[in-house]
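Here's the structure, in structure tokens; my notes come after.
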Amino acid sequence: MPPTSDALPSLVWFRQDLRLADNPALTQAAERGGPLVCVFVLDDETPGAWAPGGASRWWLHHSLAALDQALRQRGSRLVLRRGRADKVIPALARETGARQVFWNRCYEPFAIKRDTTLKAALQDDGLAVQTSNAALLLEPWQVKTGGGEPYKVFTPFWRALKGVYDDRAPLPAPARLPAGPDVAGDMLADWALLPARPDWAAGLRATWAPGEAGAQARLRHFLKASLADYRDERDRPDRKGTSRLSPHLHFGEIGPRQVWHATRHAVAAGGSDAAAEKFLSELAWREFSHHLLYHFPNLPEANWRGEFDRVRWHDDPAALAAWQRGRTGYPIVDAGLRELWATGWMHNRVRMIAASFLIKDLLIDWRAGEAWFWDTLVDADLGNNAAGWQWVAGSGADAAPYFRVFNPVLQGERFDPAGDYVRRWVPELAALPAKWIHKPWDADAATLDAAGVTLGKSYPERLVAHDTARQRALDAFAAVKQGAA
């Protein structure tokens, strides 16, 4: 039976905000007083094709376990339910007698549609619903052009965001969270979020520490060890120059306001303002991606620039599979795809190189790459993923021009000059001199033999010759731009 006293519980619905600190929904519910029912709903139906992929599900398991532990330390716990959230949340409210529901907003198109309908239904049933922003610095509708339109170019968006964002101190975690009625929930293990047959997650376990504590530790380490050199090191996959906060941000184990505030605090304590500015601009690119997704909800499925609908993509399952496995014959591309498979993450510079190779060199639809990243990235984020792939393809807002084609050899030589990144992830080439490691096909037979490399056997031949593939892509995309395709 639901409680009959005046101390009716509040329902706190956790989503992409799996933290206690700087969590407005949780703070507001705690300040109301009374018991709390904290719930997470595994809803694989509402997102459709955008239900979490394999790597994201691995992360989610560990993040939920960490959140439950943190809640228990403050007197509460996490209730797990599975099913359509627009059915689960009203049912749980009735079961517990909750009269108020709190959640932080999500901005994916399917989430907006579901939450709008759910909020109205709960209010019709007499419940109070309070929603907040925990995922972004500013709401997607708050940053507008002078004409009230959404921004379509990043640089003016970044200037506008800086002009209106108020760097206020993040909210502390509530000290105490009184538990609500003892309601049944699923066992996390029963959700089978972890891979078992086979268990392919060894590299993920060795690389990541999901959860709020892991996110805070990674931020502290980055600000202390890497921020000062961020401008110079961020494009070097052979070095640890990036924050690697992206999966923590996606799951809301840390919020962008916390990252911004801590970064500005580091500058005030004597850090590099120029480095901080560059780092925060990358945080703003995440904002811009969500801004685009909110205003252009078809971004993950459709070319933002309609003329790209005329591109004649190649249907080449064998080439796509070779790209996915890191067997293209281009070492920097293969290193990136193998890093992705092993760790659930790929360095951002290499993401651009690998994406360009798939789209421009192989002429494979960008959506095939987007889908692969969605399944294999621990930081798979609908806005970031879609905006990034459309940027490389040239089909998106503020995209790279269609004629920009990354040369994987030159990119490798510039950003992995000693070949250390390739040596780590493509060990069959480890003994090659740096001069040849990004273009082994140009090495003489004696050099290849001394390094134990046999092209076509120990390491694959190139799927395509870049110069030829580049010209093919330029011709295909130019024809589209001219309306001739």
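The values are calculated or read from the model by the stated rules, or taken from the named source; none is laboratory data. Just so it is clear, the structure is predicted and the values come from calculations on it, not from any experiment. Virtual Cβ from ideal backbone geometry, glycine too; neighbours counted across all protein chains shown.
Based on what the data block shows, is ASP166 modelled with pLDDT under 95 and of a type in the set (D, E, K, R)? Spelling it out, ASP166 is indeed modelled with pLDDT under 95 and of a type in the set (D, E, K, R).
Counting the residues of region 274-304 that are under 13 Å from LEU382 (Cα atoms), crowded, with 21+ Cβ neighbours inside 10 Å and not polar (S, T, N, Q) gives 9. Within region 385-407, is there a residue that is among the hydroxyl-bearing types (Ser, Thr, Tyr), over 22 Å from ARG234 (Cβ atoms) and not assigned by TED's automatic domain parsing to the domain that holds SER243? Yes, because at least one residue in region 385-407 is among the hydroxyl-bearing types (Ser, Thr, Tyr), over 22 Å from ARG234 (Cβ atoms) and not assigned by TED's automatic domain parsing to the domain that holds SER243. Within region 153-181, residues that are β-branched (Val, Ile, Thr) sit with their Cβ atoms under 9 Å from residues that are assigned to a loop (DSSP other than H, G, I, E, B), at 6+ positions apart or across chains, in these pairs: VAL153/ALA397; VAL153/ASP398; THR155/ASP398; VAL164/LEU138; VAL164/GLN142; VAL164/VAL143. Here ALA380 qualifies as touching a Phe, Trp or Tyr at 6+ places or on another chain (Cβ under 6 Å), surrounded by fewer than 24 Cβ atoms within 10 Å (Cβ to Cβ) and not in a helix (DSSP H, G or I). If you go through region 196-218 and keep only what is under 30 Å from GLY241 (Cβ atoms) and assigned to a loop (DSSP other than H, G, I, E, B), you end up with TRP200, ALA201, TRP208, ALA209, PRO210, GLY211.
Scanning region 456-485 for residues that are basic (Lys, Arg) and under 33 Å from the mean Cα position of the chain (by Cα) returns ARG462, ARG470, ARG472, LYS481.
The rows are residues; the columns are (1) in a loop (DSSP other than H, G, I, E, B); (2) at pLDDT 95 or above; (3) crowded, with 19+ Cβ neighbours inside 10 Å; (4) basic (Lys, Arg).
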residue	(1), (2), (3), (4)
PHE40	no, yes, yes, no
ASP44	yes, yes, no, no
ALA55	no, yes, yes, no
ALA91	no, yes, no, no
PHE102	no, yes, yes, no
ALA111	no, yes, yes, no
THR116	no, yes, no, no
ALA134	yes, yes, yes, no
